[in-house]
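Engineer: Structure below; questions to follow.
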Amino acid sequence: MNKINTYRGGPDEHGHFGLHGGRYVAETLMPLILAVERAYNDCKADPAFKAEFERLLTHYVGRPSPLYFAERLTEHFGGAKIYFKRDELNHTGSHKINNCLGQIMVARRMGKTRIIAETGAGQHGVATATVCALFNLPCIVYMGAKDIERQAPNVFRMKLLGAEVRLVTSGSQSLKDALNEALRDWVANVDDTFYIIGTVAGPHPYPAMVRDFQSVIGREAREQILAQEGRLPDQLVACVGGGSNAMGLFHPFLDDPGVAMDAVEAAGLGLDTDKHAASITGGRPGILHGNRTYLLQDDDGQILEAHSISAGLDYPGVGPEHSWLHDMKRVNYVSATDAEALDAFQLCSKLEGIIPALEPAHALAHVAKIAGKMARDKIIVMNMCGRGDKDVFTVAEKLGVKL
Amino acid sequence: MSGERRIAQRFAALKSQGRGGLVTFVTAGDPDYETSEKILAGLPEAGADLIEIGMPFSDPMADGPAIQAANLRALASGITLKRTLDLVRGFRKRDAETPIILMGYYNPIYSMGAEKFSQAAREAGADGVIIVDLPPEEETELKAPIDKAGLDFVRLTTPTSDDRRLDRILPGASGFIYYVSVAGITGTKSAAQTSIADAVARIRRKTKLPVAVGFGIRTPEQAAETARTADAAVVGSALVGEIAAAEAAGKPRTEAAAAVLGLTRRLSTAVRAGKP
């Protein structure tokens with residue numbers, strides 16, 4: 001069908017990825033959004049910015065993260081060789097820190113003195129609070145009341161780091177509503193505030209900017225797999241809520257036709273129920289949070305509440321570049337249920353000694369479905385984008401264990 | 001609709017009366033369809049010169065707590081975009097002159113289809129739209145069918161709109177210019193009258209369209225003062241706050257309607273007395 005020269009050229013100058021993306025924001029924010037775009041373009045062109053970003057990734061985050069051959073899981077499934085890109089070993093425990101460092105450097109260049117962020121699982125909130133501590137900027141994190149309850153350890157971590165965590169009680173009290181509140185804060189504080197968005201969504205330039213900061217994952221994975229196996233992988237797998245870890249892994253491989261990509265959405269209690277978070281598999285294009293993208297919505301265009309055991313995937317939308325990659329059929333969007341993710345969570349802990357976050361446990365649940373059907377000389381690279389310490393309470397409760 | 005558009009006619013009439021206008025905002029279906037119908041029907045007599053009807057959306061990002069709550073009450077009562085247009089149609093059968101402007105977010109419209117919505121809004125008797133999350137950069141796919149349907153596409157300017165931005169916004173706007181007087185969400189902060197006057201003067205240097213000012217205008221005094229400076233003052237959160245208060249006190253919904261119309265009367269009296 002659509003023959004194009006590159007899948008890596010987007011977005012266009014208006015921030016569109018095909019039908020998706022754009023800048024659907026209140027007029028009050030437009031001058032600021034345009035200023036963020038100009039500042040980001042300046043940063044991209046500045047070797048000093050790049051050098052400083054790389055220095056921090058190396059010495060503060062601990063990059064490159066290892067690419068690890070998960071031998072026991074490979075044995076267990078009896079098919080393709082499974083590699084984990086170990087972004088859960090980053091400082092703060094997930095890939096989120098890559099993006100936060102980049103964005104706070106843009107914020108500083110713009111002379112902004114106050115940082116806001118939204119968070120679902122709390123990983124992005126922790127990463128933002130961390131870089132705010134590092135750069136001595138006040139930090140306000142919006143978090144849904146429901147998520148504050150299920151991610152208590154991360155709430156405490158943010159407070160330790162000096163951030164103010166603001167409870168969001170509107171709407172479904174989860175990530176979508178935290179984003180609404182952060183946008184409301186931003187529109188009221190345009191002069192001094194920078195909004196560090198945690199995923200590849202929001203108005204242009206955020207989807208592209210966050211992707212660029214996260215692409216370090218895929219660039220490293222590419223070099224590492226070439227060093228270890230002497231060739232590119234056959235299959236990439238990553239979970240997708242907003243989709244920043246998946247974009248980060250996929251983007252550097254998009255123009256390699258031999259590399260297949262599966263992005264795993266959260267199917268919650270099942271796609272045949274109304275309790276899931278699979279925006280691409282179960283939604284249709286719409287406009288929310290500054291961009292056009294696949295959304296869970298009713299017949300009237302009202303946004304539906306998402307559901308996932310994983311707070312980080314509990315979002316009724318997805319980044320616009322994912323929507324485009326789906327339309328172009330370059331990435332295959334699949335899903336895994338709460339129950340499948342829980343099984344994968346336990347299996348990985350027992351076989352590899354790695355307690356994954358519930359988010360990448362969805363990716364692993366999909367690996368479990370495909371690895372055994374692939375030949376033993378095939379290679380899968382999965383993004384282990386976060387560690388599971390934050391989820392032990394949720395998992396214990398689901399397993400009926402009292403802590 | 002034939003001849004001159006209702007919005008232009010109404011502003012011309014206000015000008016000949018030598019006064020500014022009162023624009024009232026209520027959310028369609030808040031707290032339910034029937035009460036909403038009664039409120040709309042009573043607004044012209046209570047002194048509303050133009051009526052903005054909020055099209056409910058689950059995620060009203062530019063709105064403060066009062067209008068967020070109004071959206072949720074309306075959606076809980078079962079309102080849809082189609083039923084919102086039914087409200088407009090019902091109103092228009094009894095009132096051929098008061099302009100109706102539909103205000104809201106793009107997704108419900110996109111979900112219905114921009115073309116289909118524009119035709120349906122025109123047939124229902126609406127006169128214009130204000131879409132909060134469609135800046136000029138993204139508006140074309142809705143503005144083209146709205147223009148074709150003969151409706152006005154009202155654009156917003158804000159305290160963050162510098163001269164360069166005004167040059168992007170003002171050409172191609174129609175109906176009137178909506179000046180959002182505070183950088184923020186609805187119903188929270190209020191702007192100083194001097195800053196409103198400066199902004200309105202700056203906009204008027206660049207357009208002949210009337211300028212309505214909204215966000216943070218709550219009292220009859222504020223409305224009167226704003227309507228002296230600009231061509232109209234918009235009041236929203238304070239009006240829907242009357243519904244919230246009536247609901248919270250467990251009053252019958254006829255009283256919620258009466259409260260909204262009562263505040264409209266007080267606002268209108270002040271605005272009409274306000275000419276210098």
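Engineer: Test of understanding: among A:179, A:167, A:160, which residue is under 19 Å from the mean Cα position of the chain (by Cα) and more than 27 Å from residue A:84 (Cα to Cα)?
Structural biologist: So the residue among A:179, A:167, A:160 that is under 19 Å from the mean Cα position of the chain (by Cα) and more than 27 Å from residue A:84 (Cα to Cα) is A:179.
Engineer: Still on this structure, I have one more. Filter region A:245-287 down to the residues that are within 29 Å of residue A:398 (Cβ to Cβ) and within 14 Å of another protein chain (Cβ to nearest Cβ), then identify the one that is surrounded by the most Cβ atoms within 10 Å (Cβ to Cβ).
Structural biologist: Here the residue is A:279.
Engineer: I'd like to verify a number: residues in region B:232-266 that are among the polar types (S, T, N, Q) and either under 30 Å from residue B:201 (Cβ atoms) or in a strand (DSSP E or B) (or both), how many?
Structural biologist: So in region B:232-266, the residues among the polar types (S, T, N, Q) come out as B:237, B:254, B:264.
If we keep only those that are either under 30 Å from residue B:201 (Cβ atoms) or in a strand (DSSP E or B) (or both) too, we end up with B:237, B:264.
Matching residues across region B:232-266 total 2.
Engineer: Moving on. Looking at the structure I just gave you, is residue A:334 touching a residue at least 24 places away in the same chain (Cβ under 8 Å), closer than 18 Å to residue A:282 by Cβ and surrounded by fewer than 23 Cβ atoms within 10 Å (Cβ to Cβ)? So that I can check it myself, show each step before the final result.
Structural biologist: On the way: touching a residue at least 24 places away in the same chain (Cβ under 8 Å): yes; closer than 18 Å to residue A:282 by Cβ: yes; surrounded by fewer than 23 Cβ atoms within 10 Å (Cβ to Cβ): yes.
For residue A:334, the condition - touching a residue at least 24 places away in the same chain (Cβ under 8 Å), closer than 18 Å to residue A:282 by Cβ and surrounded by fewer than 23 Cβ atoms within 10 Å (Cβ to Cβ) - is met.
Engineer: Please work out which one of (1) assigned by TED's automatic domain parsing to the domain that holds residue A:254; (2) of a type outside the set (Val, Ile, Thr); (3) more than 26 Å from residue A:251 (Cα to Cα) is the condition residue A:185 fails and give its number.
Structural biologist: It is condition (1) that residue A:185 fails.
Engineer: Then there's this: Every residue in region A:290-322 that is within 11 Å of chain B (Cβ to nearest Cβ) and small (Gly, Ala, Ser), please.
Structural biologist: A:290, A:301, A:317
Engineer: Restricting to region A:123-147, what's the tally of residues that are surrounded by fewer than 24 Cβ atoms within 10 Å (Cβ to Cβ) and either closer than 19 Å to residue A:90 by Cα or touching a Leu at 6+ places or on another chain (Cβ under 7 Å) (or both)?
Structural biologist: Counting residues in region A:123-147 that are surrounded by fewer than 24 Cβ atoms within 10 Å (Cβ to Cβ) and either closer than 19 Å to residue A:90 by Cα or touching a Leu at 6+ places or on another chain (Cβ under 7 Å) (or both) gives 4.
Engineer: On to the next question. In the set A:79, A:15, which member is buried (at least 22 other Cβ atoms within 10 Å of the Cβ) and either among the polar types (S, T, N, Q) or at pLDDT 95 or above (or both)?
Structural biologist: Working: A:79 fails: buried (at least 22 other Cβ atoms within 10 Å of the Cβ).
So the residue among A:79, A:15 that is buried (at least 22 other Cβ atoms within 10 Å of the Cβ) and either among the polar types (S, T, N, Q) or at pLDDT 95 or above (or both) is A:15.
Engineer: Same structure, new question: Which members of region A:63-118 meet the condition of being in a helix (DSSP H, G or I) and of a type in the set (Ser, Thr, Tyr)?
Structural biologist: Here is the first cut: in region A:63-118, the ones in a helix (DSSP H, G or I) are A:71-77, A:87-89, A:91-93, A:96-109.
Of everything in region A:63-118, those that are in a helix (DSSP H, G or I) and of a type in the set (Ser, Thr, Tyr) turn out to be A:74, A:92.
Engineer: Could I ask something else about it? Give the residue that is farthest from residue A:340 (Cα to Cα), with candidates limited to residues of region A:378-403 that are of a type in the set (Asp, Glu) and touching a residue at least 60 places away in the same chain (Cβ under 8 Å).
Structural biologist: The first filter runs over region A:378-403 and keeps only residues of a type in the set (Asp, Glu), leaving A:389, A:391, A:397.
Now restrict to residues that are touching a residue at least 60 places away in the same chain (Cβ under 8 Å): A:389, A:391.
Working: A:389: 19, A:391: 15 Å.
Once the filter is applied, the top-ranked residue is A:389.
Engineer: Search region B:60-83 for residues being more than 10 Å from chain A (Cβ to nearest Cβ) and part of a helix (DSSP H, G or I), and hand back the single one that is farthest from residue B:25 (Cα to Cα).
Structural biologist: B:76
Engineer: Now, a different point. Output the number of the condition that residue B:20 fails; it satisfies all remaining conditions of (1) crowded, with 24+ Cβ neighbours inside 10 Å; (2) of a type in the set (Gly, Ala, Ser); (3) on the phi > 0 side of the Ramachandran plot.
Structural biologist: With (1) crowded, with 24+ Cβ neighbours inside 10 Å; (2) of a type in the set (Gly, Ala, Ser); (3) on the phi > 0 side of the Ramachandran plot applied to residue B:20, the lone miss is (3).
Engineer: Next up: Would you pick out the residues in region B:40-57 that are outside any loop (DSSP other than H, G, I, E, B) and either buried (at least 19 other Cβ atoms within 10 Å of the Cβ) or within 15 Å of the chain's Cα centre (by Cα) (or both)? Please lay out each step first, then the result.
Structural biologist: Narrowing region B:40-57 to residues outside any loop (DSSP other than H, G, I, E, B): B:40-46, B:50-54.
Those that are outside any loop (DSSP other than H, G, I, E, B) and either buried (at least 19 other Cβ atoms within 10 Å of the Cβ) or within 15 Å of the chain's Cα centre (by Cα) (or both): B:40, B:43, B:44, B:46, B:50, B:51, B:52, B:53, B:54.
Engineer: Among the residues of region A:341-357, is there at least one that is assigned to a loop (DSSP other than H, G, I, E, B), in contact (Cβ under 8 Å) with a residue 60 or more places away in the chain and either in the same structural domain as residue A:87 (by TED's automatic domain parsing) or crowded, with 20+ Cβ neighbours inside 10 Å (or both)? Lay out the reasoning, then the answer.
Structural biologist: Residues of region A:341-357 assigned to a loop (DSSP other than H, G, I, E, B): A:353-355, A:357.
Still in the running and in contact (Cβ under 8 Å) with a residue 60 or more places away in the chain: A:354, A:357.
Cutting the leftovers down to either in the same structural domain as residue A:87 (by TED's automatic domain parsing) or crowded, with 20+ Cβ neighbours inside 10 Å (or both) gives us A:354, A:357.
Scanning region A:341-357, I find at least one residue that is assigned to a loop (DSSP other than H, G, I, E, B), in contact (Cβ under 8 Å) with a residue 60 or more places away in the chain and either in the same structural domain as residue A:87 (by TED's automatic domain parsing) or crowded, with 20+ Cβ neighbours inside 10 Å (or both), so the answer is yes.
Engineer: In addition: Among the residues that make up region B:179-191, is at least one of them assigned to a loop (DSSP other than H, G, I, E, B), in contact with a Pro (Cβ under 9 Å, 6 or more places away or on another chain), of a type in the set (A, V, I, L, M) and in contact (Cβ under 8 Å) with a residue 40 or more places away in the chain?
Structural biologist: Yes.
Engineer: I've got another one for you. Could you look through region A:165-180, keep only residues that are facing chain B (nearest Cβ under 10 Å) and of a type in the set (Gly, Ala, Ser), and pick out the one that is farthest from residue A:25 (Cα to Cα)?
Structural biologist: Selected residue: A:172.
Engineer: What are the residues in region B:267-276 that are surrounded by fewer than 20 Cβ atoms within 10 Å (Cβ to Cβ) and outside any loop (DSSP other than H, G, I, E, B), if any?
Structural biologist: B:269, B:272, B:273, listed by residue number.
Engineer: May I pose another question? Which is under 22 Å from residue B:233 (Cα atoms) and aliphatic (A, V, I, L, M), of B:40, B:87? If you could, list the steps in order and put the result at the bottom.
Structural biologist: Numbers: B:87 fails: under 22 Å from residue B:233 (Cα atoms).
It is B:40.
Engineer: Pull up region A:181-224, narrow it to residues that are without any contact (Cβ under 8 Å) to a residue 40 or more places away in the chain and within 14 Å of chain B (Cβ to nearest Cβ), then point me to the one that is surrounded by the most Cβ atoms within 10 Å (Cβ to Cβ).
Structural biologist: Top of the filtered list is A:184.
Engineer: Within region A:90-104, can one find any residue that is more than 14 Å from every other protein chain (Cβ to nearest Cβ) and within 25 Å of residue B:184 (Cβ to Cβ)? Walk me through it before giving the result.
Structural biologist: Keep residues of region A:90-104 that are more than 14 Å from every other protein chain (Cβ to nearest Cβ), which gives A:90-104.
Pick out the ones that are also within 25 Å of residue B:184 (Cβ to Cβ) and you get A:103-104.
Checking region A:90-104: at least one residue is more than 14 Å from every other protein chain (Cβ to nearest Cβ) and within 25 Å of residue B:184 (Cβ to Cβ).
The values are calculated or read from the model by the stated rules, or taken from the named source; none is laboratory data. Just so we're clear, the structure is a prediction, and the values are computed from it rather than from any experiment. No Cβ is skipped: glycine too gets one built from the backbone with ideal geometry, and neighbour counts run over all protein chains shown.
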